[in-house]
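The next block holds one structure in the form of structure tokens; read it before the comments.
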Amino acid sequence: MTNPTNPTSRRDFMKTSSGLALSAGTIAQLSLSSGVFAAGDDTIKVGLVGCGGRGTGAATQALSTEGKVKLVAVGDAFEDSLNGSLNALKNSHKDRVDVDSDHKFVGFDAYKKVIDSDVDLVILATPPGFRPGHFEYAVSKGKHVFMEKPVAVDGPGVRKVLEAVKVAK
């Protein structure tokens, strides 16, 4: 049911949110062939922000691809989540996890440190209230992004994501 002062219904909001999630996924699938790799190295360097179950699962899927890919940086607000995720990923993909102690970031600014740590692709799997700001920052740094859904929890967050998508295009 729509509100007379706001003609957007829940259904419209869900359609828009789903479209945003699809857009974010599409951005992550863009061709990485133009200028992403260092000379002579075609390995995709992945950073993970948000080391809970969703983040660990998304990183597992990224590391399960056929191409050359390595997890090189991780960040989470909580050290125990970061360590648990990293241990699980090392157990399942030890040859594709290359995260040294200088690339483990803990705290609310960990996302910036992961994004700034020379990664090609960043997986954003933090709680959805944080994602619009994290996405905006990643786009401003020219990173490819995979972002879990929902992409935001409110109108201002959705608008921030939409603006960042325009910049990314």
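Here are a few things to note about the model shown:
- Scanning the range 42-64 for residues that are open to solvent by 70 Å² or more (accessible area, probe 1.4 Å) and either within 17 Å of the chain's Cα centre (by Cα) or of a type in the set (Gly, Ala, Ser) (or both) yields a count of 3.
- Test: Lys90 is over 16 Å from Gly50 (Cα atoms), modelled with pLDDT of 95 or more and open to solvent by 70 Å² or more (accessible area, probe 1.4 Å): yes
- Here Gly67 fulfils each of the conditions (1) modelled with pLDDT of 95 or more; (2) more than 15 Å from the chain's Cα centre (by Cα) apart from (1).
- In the set (1) open to solvent by 70 Å² or more (accessible area, probe 1.4 Å); (2) in contact (Cβ under 8 Å) with a residue 40 or more places away in the chain, the condition left unmet by Pro156 is number (2).
- Those residues of the range 52-97 which are assigned to a strand (DSSP E or B), of a type in the set (A, V, I, L, M, F, W, C) and under 14 Å from Leu121 (Cα atoms), in sequence order: Val69, Leu71, Val72, Ala73, Val74
The values are calculated or read from the model by the stated rules, or taken from the named source; none is laboratory data. On a predicted model such as this, the values are computed, not experimentally measured, just so you know. Quick reminder, even Gly has a Cβ in these numbers, built from the backbone with ideal geometry, and neighbours come from all protein chains shown. When the accessible area is computed, the model is the full protein with side chains, heavy atoms only, and any ligands, DNA or RNA have been set aside. Shrake-Rupley method; radii C 1.70, N 1.55, O 1.52, S 1.80 Å.
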